[in-house]
Amino acid sequence: MAWQGLAAEFLQVPAVTRAYTAACVLTTAAVFQVWRLVTNFLFFGPLGFSFFFNMLFVFHYCRMLEEGSFRGRTADFVFMFLFGGVLMTLLGLLGSLFFLGQALVAMLVYVWSRRSPRVRVNFFGLVTFQAPFLPWALMGFSLLLGNSILVDLLGIAVGHIYYFLEDVFPNQPGGKRLLLTPGFLKLLLDAPAEDPNYQPLPEEQPGPHLPPPLQ
């Protein structure tokens, strides 16, 4: 295996070089804070109007998705978070974007809006429009708050990629689902499917139950 070959090659390096190289790698790994790959999606800046604005949309549209198109599909919902998080992290590095909570909100809103195209949204009582315009309205509002629209654009782009791969491409001629939720997530998070061939016991069936006959 490649890993075994690399380990064998490393063991053939002189002791001082091997020790110094290993120390550099271990020190860098210790300094690198792996948890920031997750917590950067949880940080929305200091407490203030922008923070509460984002929390409002996180709570509302995350709930709308989970109780709507992802109802009974918790594993698929978590997988959407994982897919979006990985893709946003990779694209964010290219644009030097390191706090991606707002991008995740934009992704959630985008996916909900494309799956609810006929819903009319009242935007803070100021204007009413169809749901697909909501992500762009949020981006404009974010610009008014002084935030960078690159983060919103990143979330919209990733949301569109997910929507296309999950809802559009599988319904095209020759298309198929490319985003398949891992089985272990379904095992952990989804309720087991009922066996269509299962025959319930008499006491499990609805209606009055007669006592068993005396022996």
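The values are calculated or read from the model by the stated rules, or taken from the named source; none is laboratory data. Values in this document were obtained by computation on a predicted structure and should not be read as measured data. We place every Cβ from the backbone using ideal geometry, glycine too, and count neighbours over all the protein chains shown. Quick note on the areas: whole protein, heavy atoms, side chains included, nothing else; ligands and nucleic acids left out. Shrake-Rupley method; radii C 1.70, N 1.55, O 1.52, S 1.80 Å.
Going by amide H atoms built from the backbone, whose H comes under 5 Å of the H on Phe41, apart from near neighbours?
Close amide H contacts, sequence-distant or interchain: Leu100.
With every protein chain left in place, what is the accessible area per residue of the stretch 34-183 in square angstrom, probe 1.4 Å?
With all protein chains present, the stretch 34-183 gives 56 Å² per residue.
Loop-only check: which chymotrypsin sites (Phe, Trp or Tyr not before Pro) in the stretch 65-154 are DSSP coil with at most 10 other Cβ within 10 angstrom?
Here the sparse-neighbourhood loop sites are Phe124.
What are the ³J(HN,Hα) values, in whole Hz, obtained from phi via the Karplus relation 6.51 cos²θ - 1.76 cosθ + 1.60 with θ = phi - 60°, for each residue of the stretch 42-47 in sequence order, with x given for Gly and Pro?
Each residue's phi maps through the Karplus curve to give 9, 9, 10, x, x, 4 Hz.
Roughly speaking, what is the stretch gain from Leu94 to Gln130, that is 0.36 nm per residue apart minus the C-alpha to C-alpha distance, in nm to one decimal?
The Leu94-Gln130 span can extend by a further 9.7 nm.
Using label points projected 7 Å from each Cα along Cα→Cβ, tell me how many nm separate Arg63 and Phe51, to one decimal.
Calculated label separation equals 2.1 nm.
Which FRET efficiency value, to the nearest 0.05, is calculated for Arg177 and Cys24 with the Förster distance at 41 angstrom and r the Cβ-Cβ distance?
0.40
Determine the gain in length on full extension of the stretch Phe123-Asp167; use 0.36 nm per residue of separation and subtract their C-alpha separation, reporting nm with one decimal.
Result for the pair: 13.2 nm of gain on full extension.
Under the Karplus relation 6.51 cos²θ - 1.76 cosθ + 1.60, θ = phi - 60°, what is the ordered set of whole-Hz ³J(HN,Hα) values for the stretch 162-170, x standing for Gly and Pro?
Once rounded to whole Hz, the list reads 5, 4, 5, 5, 8, 10, 9, 4, x.
Just going by the charge dipole of the stretch 34-183, with Lys and Arg at +1 and Asp and Glu at -1 on Cβ, which of Val119, Ile156, Leu47 is farthest out on the positive end?
Sorting the options by dipole projection puts first Val119.
I want to make sure I understand the PRE zone here: with the label point 7 angstrom from the Cα of Leu189 toward its beta carbon, which residues in the stretch 83-100 have backbone N atoms less than 14 Å away?
Answer for this model: 83-86.
Do any trypsin sites (Lys or Arg not before Pro) in the stretch 59-166 lie in a DSSP loop with no more than 10 other beta carbon atoms within 10 Å, and if so, which?
Arg71, Arg118
Which whole-Hz couplings ³J(HN,Hα) result when phi for each residue of the stretch 142-151 is put into the Karplus expression 6.51 cos²θ - 1.76 cosθ + 1.60, θ = phi - 60°, listed in order with x for Gly and Pro?
In residue order, the calculated couplings are 4, 5, 5, 7, x, 8, 6, 6, 4, 5 Hz.
Using only the Cα atoms of the stretch 34-183, build the gyration tensor, take square roots of its eigenvalues as a ≥ b ≥ c, and label the shape rounded, prolate or oblate: rounded if a/c is under 1.5, else prolate if a/b is larger than b/c, else oblate.
Note, shape of the stretch 34-183 comes out oblate.
Can you list the residues, at least 5 places off or on another chain, whose amide H is less than 5 Å from the amide H of Asp190, using H built in the peptide plane?
Ala75
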